[in-house]
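Beneath this line is the structure, given in structure tokens, with notes to follow.
The values are calculated or read from the model by the stated rules, or taken from the named source; none is laboratory data. In this text, all values refer to a predicted model and were calculated from it rather than measured experimentally. Backbone-built Cβ (ideal geometry, glycine too); neighbour counts: all protein chains shown.
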Amino acid sequence: MTADAMPHVFDATADRFQTDVLQRSLETPVLVDFWAEWCGPCKTLGPILEKLAGEYGGAFVLAKVDVDREQQLAAAFQVRSIPTVFLVKDGQLVDGFPGAMPEGALREFLQSHGIVPLAPAAAAGEPAPETVDPHADVVRLRSEVAARPEEDALRLDLAVALLRTGATAEVEQILDALPANLATDDRAERARAHLRLSAAAKDAPPAEVLEAALAADAGDLRARHLLGVQRLLQGRTEDGLEHLIELLRRDRAWEDALARRTLIDAFRVVEDEDLVGRYRRRMSSLLF
């Protein structure tokens, strides 16, 4: 792939490392990926890192180091196995990890260092993008899947679109049929979390019944769990998270730690990162 196609990915070399990585990290975090052509796990991790570099839009840049060609750099970083990834910020090596890591864990690693996707700058006077009809999106994606059945990523796109229409049974079938590399994709994990929340709320009493149950008995854990899940699915995110945190506070072991498991699913589907961070900290304070 050309440099133009991946503007936030480059090959790092020993002779330009000071400029391309250390000096550049004073302005933009640099993720340094030590890899080799013969390394199987590198072929799994590398494409995910490149995808995130593009998706994050310059929030970080990815420096690729071929250890066979750049043995001096590998020795300088004391790389003992590959893939190995280091994060360089403000001219300093601040963190890293050996081995391949799933996409969701990579996003959490980046977020833990304050690295989040940059929103593309809107052109002056540019109209807001039109809202896509999820049903029309499903029709379009079904056509693309039929035309290119070998492209598994299109089927994941279809599953995400179907989820917005409420077709949970078909979404589950598609996710179950995905190959291993896509089954752990962040979007697939988010879709599965949404399916679990939907299943928990299925056949639940109306919200007013659950509210009345809690008014009569604040210790009704079943009612609190169902109401929290309903609120999440209705878009009343903070209200839903508050019920689940209160459930965890009252009995964290109830139903095989259901409160914790539901909160983790909620953190996957909620898009407000600040809100998720706040409730993650509250969950941690109750658990640890």
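For the residues Glu70, Glu103, Glu55, Glu108, the requirement of being outside the structural domain of Arg281 (by TED's automatic domain parsing), charged (D, E, K, R) and at pLDDT 90 or above singles out Glu70.
When region 181-203 is filtered for residues that are touching a Gly at 6+ places or on another chain (Cβ under 9 Å) and without any contact (Cβ under 8 Å) to a residue 60 or more places away in the chain, only Ser198 remains. For region 232-288, a residue qualifies if it is touching a Ser or Thr at 6+ places or on another chain (Cβ under 8 Å) and assigned to a loop (DSSP other than H, G, I, E, B), and the qualifying residues are Val270, Asp272. Only one of the numbered conditions (1) farther than 15 Å from Gln92 by Cα; (2) in contact with a Pro (Cβ under 9 Å, 6 or more places away or on another chain) is not met by Phe60, and that is (1). Is it fair to say Ala167 is outside the structural domain of Thr44 (by TED's automatic domain parsing), on the phi < 0 side of the Ramachandran plot, of a type outside the set (D, E, K, R) and surrounded by 14 or more Cβ atoms within 10 Å (Cβ to Cβ)? Judged against the criteria, Ala167 is a match.
So that you can scan it fast, the table gives a plain yes or no per residue for (1) modelled with pLDDT of 95 or more; (2) on the phi < 0 side of the Ramachandran plot; (3) not assigned by TED's automatic domain parsing to the domain that holds Ala161:
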site	(1), (2), (3)
Asp185	no, yes, no
Glu208	no, yes, yes
Glu211	no, yes, yes
Leu221	yes, yes, yes
Leu232	no, yes, yes
Gly240	no, yes, yes
Thr262	yes, yes, yes
Phe267	no, yes, yes
